[in-house]
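Notes to accompany the following structure.
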Amino acid sequence: MITLIEGLPERVVGLLGSDAITASDYEQVVVPAIASASASGQKVSLLYVLADGAAYEAGALWQDAIVGSDYMADLDRIAVVTEDGRYRAAIKMVGAFMSGRVHGHDERALAEQWVSAPTD
């Protein structure tokens with residue numbers, strides 16, 4: 001399941017992934033949140049916290065790729081907080097193609113600080 005993280009700056013979308021992450025989580029939570037935040041025309045940063053035990057269903061992985069391609073131009077920074085080695089490896093791979101824009105973090109506070117910082 002993906003839920004919104006409240007209390008972040010207006011241009012930062014915060015997501016908490018826990019338990020089974022499904023395609024409908026993307027359709028009902030992720031896409032509307034990013035679309036709403038980017039409606040003003042400003043770049044949006046994304047904070048994504050993956051709780052211990054979070055697991056993607058196959059349809060969710062496909063939706064993640066679609067969201068990435070559909071909204072990449074609208075996204076400034078993406079911080080992913082997880083201790084899961086599989087997801088950390090995937091983040092490094094994606095980050096290699098988006099230098100300076102995607103970071104994996106161990107600590108949520110540091111990730112929030114990074115995505116919330118003003119960009120040039």
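The values are calculated or read from the model by the stated rules, or taken from the named source; none is laboratory data. Quick caveat: nothing in here was measured; it's all calculated off a predicted structure. Cβ atoms come from the backbone with ideal geometry, glycine included; neighbour counts cover every protein chain shown. Ligands, DNA and RNA are stripped out before the accessible areas are found, and what is left, the full protein with its side chains, is counted by its heavy atoms. Shrake-Rupley method; radii C 1.70, N 1.55, O 1.52, S 1.80 Å.
Tabulated data for the structure shown
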{"item": "Candidate set: segment 1-12, residues that are assigned to a loop (DSSP other than H, G, I, E, B) and touching a Gly at 6+ places or on another chain (Cβ under 9 Å); chosen: the one surrounded by the most Cβ atoms within 10 Å (Cβ to Cβ)", "result": "Leu8"}
{"item": "The one condition in (1) assigned to a helix (DSSP H, G or I); (2) under 14 Å from Val13 (Cα atoms); (3) of a type in the set (A, V, I, L, M) that Ile78 fails to fulfil", "result": "(1)"}
{"item": "Single residue of segment 13-48 satisfying the filter (out of contact with any strand residue (DSSP E or B) (no Cβ under 6 Å at 6 or more places or on another chain), assigned to a loop (DSSP other than H, G, I, E, B) and open to solvent by 50 Å² or more (accessible area, probe 1.4 Å)) that is modelled with the highest pLDDT", "result": "Asp19"}
{"item": "Residue list for segment 49-82, filter: surrounded by 14 or more Cβ atoms within 10 Å (Cβ to Cβ) and of a type in the set (Phe, Trp, Tyr)", "result": "Tyr56, Tyr71"}
